[in-house]
Amino acid sequence: MSDFYIHCFIKFGSKATITDLFENGTIFCNPVQYFKTLEDKFRGDNYEGASYIHNLPPGQFRISIVGKPIDRDFNYLNLHIKESYSKTLGNIYSLYCLSSKILRGDKPVTIDKRIKDFGDTALLIKDNPKFLTLIEKALKKKRVKYFHGLVKYYDRHIYTGKVDVFNKPSEYAYQNEFRIYIRRRSDEPFKIQIGSLKNIAEIYPTNDFIDTFEVTEKK
């Protein structure tokens, strides 16, 4: 049983992409490798595909090279090591998620202005269960394995432990990401269509939507 409740999904993107999603239900999923190598401070994340993060306390390490005049100890204040797969297969579909994790009590919730950089158009999904059901039905028809859930954020300068495609560094926490991971033996884009979303979604210009968006929990 899930320990959180989803109030709504929001998808941000270009006008053409969001219109295609709204009218045809086109779900375009980039490969994990795309985000790992993308030089974009908003979508790009070179920690995608990481499997373990080490943050070690002050200590020493020794370098010895056979046949070379190097054999000595070195001190370090801290050591950060990222274990990562050379290539991570599969695809990701991301949504902004307003969940019970962030909407609690009387404090109003707004959307970080940086989200505007994801595109000029926003799609507000009003029926989350229906939307997820349509996606799951299409994925099952394609006979692919998939997993979904909220992304958990960690401080990469402190955290030590395992990570996977549902973990991201805390500098991305403002994105409040809900992620669908599609397990495939491919690093190519993947696309499905779930039909028109006109009955369960609404389109808005991103700037207007974010500037006026404010939600509080209903008692």
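The values are calculated or read from the model by the stated rules, or taken from the named source; none is laboratory data. Model, not experiment: these values are computed from the prediction. Note: ideal-geometry Cβ built from the backbone for every residue, glycine included; neighbour counts use all protein chains shown. The protein model used for the area step is the full one, side chains on, heavy atoms only, and it has no ligands, DNA or RNA in it. Shrake-Rupley method; radii C 1.70, N 1.55, O 1.52, S 1.80 Å.
Here are some residues: Ile158, Ile182, Ile115. Which one is open to solvent by less than 50 Å² (accessible area, probe 1.4 Å) and out of contact with any Ser or Thr (no Cβ under 8 Å at 6 or more places or on another chain)? Quick ask: steps written out before the conclusion?
Details: Ile158 fails: open to solvent by less than 50 Å² (accessible area, probe 1.4 Å); Ile115 fails: out of contact with any Ser or Thr (no Cβ under 8 Å at 6 or more places or on another chain).
After applying the criteria, what remains is Ile182.
Pairs are defined by a Cβ separation below 9 Å, a sequence spacing of at least 6 or placement on different chains, a first member in the range 156-170 that is among the aliphatic types (A, V, I, L, M), and a second member that is part of a loop (DSSP other than H, G, I, E, B) and open to solvent by less than 50 Å² (accessible area, probe 1.4 Å); the pairs so defined are Val163/Tyr47; Val165/Glu48; Val165/Gly49; Val165/Thr88; Val165/Gly90; Val165/Val151. Whenever a residue of the range 202-219 is on the phi < 0 side of the Ramachandran plot, its partners that are in a loop (DSSP other than H, G, I, E, B) and of a type in the set (Lys, Arg), lying with C-beta atoms within less than 9 angstrom and at least six residues away or across chains, give the pairs Glu202/Lys126; Thr216/Lys107; Glu217/Arg104; Glu217/Lys107. If you go through the range 121-143 and keep only what is open to solvent by less than 30 Å² (accessible area, probe 1.4 Å) and not in a helix (DSSP H, G or I), you end up with Thr121, Ala122, Leu123, Ile125.
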